[in-house]
Amino acid sequence: MIPNAFWQPRSNLKDVYISLIAVITVIIWYHFVFKKPKKNPPLPPGPWGLPLVGNIFSLDQSNLHKCLAKLSETYGPIMKIRLGTRLCIVINSATIAKEVHKDHDNIFANRDRTAAASAASWGGTDIVWSPHGDHWRMLRKICVKELLNSTRLDALYDHRRREIRTMVNTIYSKTSNSIDIGDLIFHTMYKVMANMMWGGTPEGGEMANFTEKFRDALEKIVPILLAPNITDLFPVLAKFDIQGLAQQARMMCMWFDSEFDTIIDQRLGNEDKEEMKDFLQVLLHLKDDGDLKTHFTTTDIKALLLNLLAAGTKSSVATVEWAMTELLREPKFMKKAQEEIDEVVGVNNILEEAHCSKLHYLNAIVNETLRLHPGVPLSFPKCPSESCTVSGYMIPKGTKILVNIWAIQRDITYWKNPLEFQPDRFLGSECEWGYNGKNPNYIPFGSGRRICVGIPLAERMVPYLLASLLHSFNWKLPEGTKIDLSDTFGLELKKRTPLIAIPLPRLSDKRLYI
Ligand code: HEM
């Protein structure tokens with residue numbers, strides 16, 4: 001009998017089934033053994049949180065930078081925490097921060113804007129809270145082109161010089177009396193900013209005590225911006241302002257709005273009288289002449305003025321106050337800085353801003369202060385515009401990202417004796433320590449495209465302020481007081497107790513104080 005050929009319809013169906021099952025089994029076996037299913041990378045590790053609220057109650061808000069650094073000792077340099085139902089990823093290492101700032105800079109250039117931040121910034125129209133896009137690019141370009149570049153700042157030197165001379169004179173008038181250093185620097189820095197931006201605020205009249213009121217308003221708005229807000233913790237509640245924080249922030253914003261209206265009105269009223277070339281004038285021209293693409297409004301002007309005034313004063317003031325604190329704690333550093341200043345400037349001369357580039361030791365003190373007490377301890381929150389992988393972990397789109405600058409700049413794997421104030425570590429290798437964020441271990445001004453826009457001004461003002469205090473005066477602590485190095489977390493890293501010190505003139509002639 002001739003066996004059935006396999007193509008013959010009458011072939012044994014059972015055999016065909018068996019062969020089919022065998023082939024499928026082999027494919028499945030091969031798939032499981034050799035081709036593991038492609039899994040998404042995991043989320044970073046992190047502490048367990050309570051249902052719904054997450055880790056919110058275990059975070060010490062007044063010491064957030066330290067608390068996050070401590071947690072990272074257990075969970076590693078990249079970790080997740082839950083703020084309500086929101087995921088937040090904290091980066092405590094330079095290598096991983098570099099991935100965010102350099103490799104994925106485009107994705108992480110968005111801000112994570114809270115409800116209060118939105119309300120306090122005219123709906124996030126300002127430079128700090130704008131999402132990454134055309135509007136933000138336009139604001140940055142205006143700031144850099146019209147104010148924060150070397151040529152423009154050189155041209156505005158007179159404003160800075162005048163206010164520094166006034167400061168020296170004020171201190172001289174309080175010789176041998178206790179002075180609140182932060183308060184003094186705030187007034188000087190505020191006036192420098194106001195002068196450069198809109199020609200200064202005349203005290204008296206409608207604007208009486210604007211400096212004080214402005215400072216007061218800034219102090220009030222910070223806790224509102226930092227308070228944990230149910231609206232942000234549970235995005236489903238975004239429409240409800242349960243704690244009223246957004247409303248409070250909006251009220252503060254309205255106050256700034258009306259003060260800036262007065263400043264703008266005064267300027268518009270004076271336009272025919274004199275051709276002013278300050279920042280506000282440029283902004284008003286831009287608003288009137290701008291094309292549809294730029295679409296620059298009066299609200300944008302106010303938001304920009306507030307941004308620069310607040311960001312420009314707060315962290316610069318904190319840096320000078322911390323530097324003076326460290327120098328009073330270790331007078332040998334103060335002496336060395338004064339000797340250098342005497343060599344470059346002399347005690348028979350007035351110190352000018354241009355001298356500062358020759359004061360290498362003083363600049364090392366500023367660098368070391370910015371390392372140990374960074375003006376902004378946690379970078380402003382970022383938010384990835386798409387999901388991506390960082391250091392082998394999944395970072396989902398829309399996560400809140402915090403880079404812990406304070407922890408990175410104290411990392412023992414990179415810094416020798418990181419907790420000690422040692423200005424000498426910054427001597428002789430200046431290019432390695434630029435403020436441009438290129439060295440991921442030293443990022444006091446942040447890094448990537450959202451890096452601080454005010455670096456050129458901070459680079460001029462902070463050394464100039466500090467050198468002026470040290471050149472004109474010797475300083476001592478009031479009898480019976482001690483240096484307090486404790487800090488408190490805020491938009492800037494503040495001293496917990498203000499630094500109070502007593503000035504004693506050291507220049508050769510009292511006319512140098514006028
Ligand atoms: C010692 C002084 C200063 C320090 C330590 C400092 C530090 C910083 C840091 C860490 C950031 C966040 C960067 C990021 O998110 O990655 C920032 C942003 C910013 N800073 Fe500064 N800053 C200082 C002075 C200034 C000054 C003088 C101005 C203005 C005149 C200024 C204006 C701004 C603005 C507008 C932003 C937001 C930039 C953006 O989102 O595009 N800062 N600063």
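Residues are listed down the side, and each one gets a yes or a no for (1) within 30 Å of Arg450 (Cα to Cα); (2) among the basic types (Lys, Arg); (3) touching a helix residue (DSSP H, G or I) at 6+ places or on another chain (Cβ under 7 Å):
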position	(1), (2), (3)
Ile142	yes, no, yes
Thr151	yes, no, no
Arg160	yes, yes, yes
Ser176	no, no, no
Met189	yes, no, yes
Asn195	yes, no, yes
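Residues checked against (1) within 16 Å of the ligand (Cβ to nearest atom); (2) surrounded by 19 or more Cβ atoms within 10 Å (Cβ to Cβ):
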site: Arg86; (1), (2): no, no
site: Glu99; (1), (2): yes, yes
site: Ala119; (1), (2): no, yes
site: Thr170; (1), (2): no, no
- Message: Return the residues of segment 455-486 that are surrounded by 22 or more Cβ atoms within 10 Å (Cβ to Cβ) and modelled with pLDDT under 95; say none if nothing qualifies.
- Response: none
- Quick one: how many residues across segment 141-163 are surrounded by fewer than 16 Cβ atoms within 10 Å (Cβ to Cβ) and within 13 Å of the ligand (Cβ to nearest atom)? 3
- Task: Tell me, yes or no, whether segment 237-255 has at least one residue that is within 16 Å of the ligand (Cβ to nearest atom) and modelled with pLDDT of 90 or more.
- Result: no
- Log entry, pairs with first residue in segment 323-348 being at negative phi, second being polar (S, T, N, Q), beta carbons closer than 8 Å, six or more apart or on different chains, reads Ala323/Thr369; Glu326/Thr369; Gln338/Asn474; Val347/Ser508; Asn348/Ser508
- Message: Checking the condition touching a residue at least 24 places away in the same chain (Cβ under 8 Å) and closer than 19 Å to Ile221 by Cα, which residue from Ser121, Ser72, Ser93, Ser130 passes?
- Response: Ser121
- Task: Could you check, for segment 309-329, whether at least one of its residues is within 11 Å of the ligand (Cβ to nearest atom), touching a strand residue (DSSP E or B) at 6+ places or on another chain (Cβ under 9 Å) and assigned to a loop (DSSP other than H, G, I, E, B)?
- Result: no
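Answer yes or no as to whether Arg450 is among the basic types (Lys, Arg) and crowded, with 21+ Cβ neighbours inside 10 Å. Quick ask: steps written out before the conclusion?
Values: among the basic types (Lys, Arg): yes; crowded, with 21+ Cβ neighbours inside 10 Å: yes.
Judged against the criteria, Arg450 is a match.
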- Message: Tell me yes or no: at least one residue of segment 338-360 is within 15 Å of the ligand (Cβ to nearest atom) and small (Gly, Ala, Ser).
- Response: no
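For Ser72, indicate whether it is outside any loop (DSSP other than H, G, I, E, B) and at pLDDT below 95.
Criteria not met by Ser72.
The values are calculated or read from the model by the stated rules, or taken from the named source; none is laboratory data. These numbers come from a predicted model, not from an experiment. Cβ atoms come from the backbone with ideal geometry, glycine included; neighbour counts cover every protein chain shown.
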